[in-house]
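Following: one structure in structure tokens, then a few remarks.
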Amino acid sequence: QVQLVESGGGLVQPGGSLRLSCVASGFPFRLRFISWYRQAPGKEREFVVEINSENVKTYADSVKGRFTISGLNADNTVFLQMDSLKPEDTGVYYCKTEVRGISYWGKGTLVTVSS
């Protein structure tokens, strides 16, 4: 059974850091890419960052210089290091991949940035 599982969310003060993990299992091959999206309360889901199998990384402007994605080795695991967090980074963070035109999403992990 293919699935993506996120972990590492929690409550952090502004300026703090969190490290999220996404484990994609059940795929008998190395994925071409894994992306992170987030959804704030009352807002639409938005793109955060993507890493592909050639280690090319694409960041949303809102997180450039603060977030760092790494991983996507043969074990299909990626990490998202989030530094200098702001209240507007609050939301549920989802990882996503796509295989043969089918999108696979995790259930998300909640990140709350608040004092």
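The values are calculated or read from the model by the stated rules, or taken from the named source; none is laboratory data. What you are looking at is a predicted structure, and each value in this text was computed from that prediction instead of being measured. Positions of Cβ are backbone-derived with ideal geometry, glycine not excepted, and every protein chain shown enters the neighbour counts. Surface accessibility is based on the protein's heavy atoms, side chains included, excluding ligands, DNA and RNA. Shrake-Rupley method; radii C 1.70, N 1.55, O 1.52, S 1.80 Å.
Of note:
- Of residues in segment 97-115 being part of a strand (DSSP E or B) and open to solvent by less than 30 Å² (accessible area, probe 1.4 Å), the one farthest from residue 40 (Cα to Cα): 99
- Selected residue (criterion: nearest to residue 96 (Cα to Cα)) from residues of segment 1-54 that are polar (S, T, N, Q) and under 15 Å from the mean Cα position of the chain (by Cα): 35
- Of the residues 76, 55, the single one that is surrounded by 12 or more Cβ atoms within 10 Å (Cβ to Cβ) and either out of contact with any helix residue (DSSP H, G or I) (no Cβ under 7 Å at 6 or more places or on another chain) or of a type in the set (Gly, Ala, Ser) (or both) is 76.
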